[in-house]
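The structure under discussion appears below in the form of structure tokens.
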Amino acid sequence: MNRFLRDSGHLARPALVLVAGLAVFLVVRGAVIPKNFGKYGHYRPAALDLIRQHPAAFAGQDQCLACHDEQAKTRASGKHAHVACEACHGPQAPHAADFVNVKPALPDVAALCARCHENDAAKPKNFPQVVTAEHSGGVVCNTCHQPHNPHL
Amino acid sequence: MEMTRRDLLSQCSKLLVLTATAARALEQAGNAPAPGDTYHMADHWWGMIIDIDKCIGCGNCVRACSQENQVPAGYFRTWVERYQVTEDRDHPLVESPDGAINGFPPTTRPGVKSFFVPKLCNHCADSPCTQVCPVGATFISPDGVVLIDPEYCLGCRYCIQACPYGCRYYHPEKDIADKCTLCYHRITKGLTTACCEACPTGARQLVDLKNPKDPVHAFLRDHKVQVLKPQMATGAKIFYNDLDGSVR
């Protein structure tokens, strides 16, 4: 027995180093790897919640319709029925959340209409297009067309 | 104690049922959503349909994306390209002035086959970008959206190189890789993406491939759709209707 201990003494020290090394590794590993890492896959599940917290700038059609009956009705009866309010008015979530203090700026009609309706060979043939310079004679579009229902 | 083979089997099967139930209960408890949150990741598999026949190149999607996600000026999570294809099909003229954030000037070559191609992250089911991330900062969520963990990304740019579609960029202020999130903060709240909300013609449509009531199933049945670079086998989930062969 004694002889065995004496002969294997040189093994005890490396074993000690090994165990200590393993302990350090486990401690560091525990400290470095984020909580729940790998729950759904090779990533931090907390990232999903983090990304979901981003605030929305576009409120969405349904919210506008809840308050703006008049424009909703006008639009529904015309060719812009499927153009969302915020496609022309831009992101209005702050206004929808607090309409008393946040009043949206009205769109710049000249640039707005042309962006969609300016004639271009690359546009689908069945989309209504005009060469704005010739068509309007320099007058802003909404002197003749009503933006919410553009039919004359 | 005397134990017959019959006893042993019956005991074992009881044990098996018990463990399975316990495991199931544990799993349920672990995946329980936050109170008040009715969104279940397992019930969705997001993608998008892009109908080339409807795109008018107005750039509404690019502007909306930029406003919704505070994309730094000069960088794009989505952009629109205008193709002009002559007889030399291998070398179409492709333009995207400023990502088409203000639309396009009229075509320079009328009479040539031309069309618009909106592009964005393809949210690949087998995405090359997530495979190369050394730290697990980019990943595919359980509902099929390729995302970047902004707090965990090192900014090594491997993923930017790996994306075959050029959909990622290096964020100049945050010093991390950045890209389309398919408006994950919106779609998990029942809203559509900012680009789809702002699209006037319905050329872009967010789809949930796991929802049996989604019109996408009828659309995919009735139309001849294509994904970009199918030869890369990325499992792209942005489906293009009537895509010309010249599009890269």
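Some points to look at:
- Filter result for B:PHE115 (part of a loop (DSSP other than H, G, I, E, B) and either at pLDDT 95 or above or touching a helix residue (DSSP H, G or I) at 6+ places or on another chain (Cβ under 7 Å) (or both)): no
- Taken over the range A:99-130, the criterion of being open to solvent by 60 Å² or more (accessible area, probe 1.4 Å) and assigned to a loop (DSSP other than H, G, I, E, B) is satisfied by A:PHE99, A:VAL100, A:ASN101, A:LYS103, A:ALA105, A:LEU106, A:ASP108, A:ASN119, A:LYS125, A:ASN126, A:PRO128.
- The set of residues in the range B:184-203 being more than 7 Å from chain A (Cβ to nearest Cβ), open to solvent by less than 10 Å² (accessible area, probe 1.4 Å) and either part of a strand (DSSP E or B) or in contact with a helix residue (DSSP H, G or I) (Cβ under 8 Å, 6 or more places away or on another chain) (or both) consists of B:THR193, B:ALA203.
- Listed by first and then second residue, the pairs with beta-carbon distance under 6 Å, at least 6 apart or on different chains, first residue in the range B:106-117 and under 18 Å from B:ASP53 (Cβ atoms) and in contact (Cβ under 8 Å) with a residue 12 or more places away in the chain, second surrounded by 19 or more Cβ atoms within 10 Å (Cβ to Cβ) and of a type in the set (Gly, Ala, Ser), are B:THR107/A:ALA122; B:THR107/B:SER114; B:SER114/A:ALA122; B:PHE115/A:ALA122; B:PHE116/A:ALA122; B:PHE116/B:GLY57.
- Pick from the range A:70-81, criterion assigned to a loop (DSSP other than H, G, I, E, B) and not charged (D, E, K, R), ranking: farthest from the other protein chains (Cβ to nearest Cβ): A:SER77
- Residue that is farthest from B:LYS119 (Cα to Cα) [pool: residues in the range B:169-183 that are in contact (Cβ under 8 Å) with a residue 40 or more places away in the chain and part of a loop (DSSP other than H, G, I, E, B)]: B:GLU173
The rows are residues; the columns are (1) touching a helix residue (DSSP H, G or I) at 6+ places or on another chain (Cβ under 7 Å); (2) at pLDDT below 95; (3) assigned to a strand (DSSP E or B); (4) not charged (D, E, K, R).
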position: B:MET48; (1), (2), (3), (4): no, no, yes, yes
position: B:ALA64; (1), (2), (3), (4): yes, no, no, yes
position: B:PRO72; (1), (2), (3), (4): no, no, no, yes
position: B:HIS91; (1), (2), (3), (4): no, yes, no, yes
position: B:GLY99; (1), (2), (3), (4): yes, no, no, yes
position: B:ASN122; (1), (2), (3), (4): no, no, no, yes
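- Within the range B:86-101, the set of residues being surrounded by 11 or more Cβ atoms within 10 Å (Cβ to Cβ) and of a type outside the set (Asp, Glu) comprises B:THR86, B:ARG89, B:PRO92, B:LEU93, B:VAL94, B:SER96, B:PRO97, B:GLY99, B:ALA100, B:ILE101.
- In the range A:58-75, of all residues being open to solvent by 70 Å² or more (accessible area, probe 1.4 Å) and free of Cβ contacts under 8 Å to residues at least 24 places away in the same chain, the one that is nearest to B:SER66 (Cα to Cα) corresponds to A:ASP62.
- Being without any contact (Cβ under 8 Å) to a residue 40 or more places away in the chain, under 26 Å from B:LEU209 (Cβ atoms), small (Gly, Ala, Ser) and away from every other protein chain (no Cβ under 14 Å) holds for only one residue in B:GLY155, B:GLY166, B:GLY136, and it is B:GLY166.
- All positions within the range B:41-70 that are away from chain A (no Cβ under 13 Å) and either more than 16 Å from the chain's Cα centre (by Cα) or open to solvent by 10 Å² or more (accessible area, probe 1.4 Å) (or both): B:ASP43, B:TRP45, B:TRP46
- When the range B:124-141 is filtered for residues that are open to solvent by 20 Å² or more (accessible area, probe 1.4 Å) and in a loop (DSSP other than H, G, I, E, B), the ones remaining, listed by number, are B:ALA125, B:ASP126, B:CYS133, B:PRO134, B:VAL135.
- Selection from the range A:142-152 of residues that are surrounded by 14 or more Cβ atoms within 10 Å (Cβ to Cβ) and either farther than 19 Å from A:HIS82 by Cβ or within 14 Å of chain B (Cβ to nearest Cβ) (or both): A:ASN142, A:PRO147, A:HIS148, A:PRO150
- Filtered residue count, the range A:82-98, keeping only those that are surrounded by fewer than 20 Cβ atoms within 10 Å (Cβ to Cβ), small (Gly, Ala, Ser) and at the interface with chain B (Cβ under 10 Å from one of its Cβ atoms): 2
The values are calculated or read from the model by the stated rules, or taken from the named source; none is laboratory data. If you're wondering where the values come from, they're calculated on a predicted model, not measured in any experiment. Please note: Cβ atoms are built from the backbone with ideal geometry, for glycine as well, and neighbour counts cover all protein chains shown. Please note that ligands, DNA and RNA were not included when accessible areas were found on the heavy atoms of the full protein model with its side chains. Shrake-Rupley method; radii C 1.70, N 1.55, O 1.52, S 1.80 Å.
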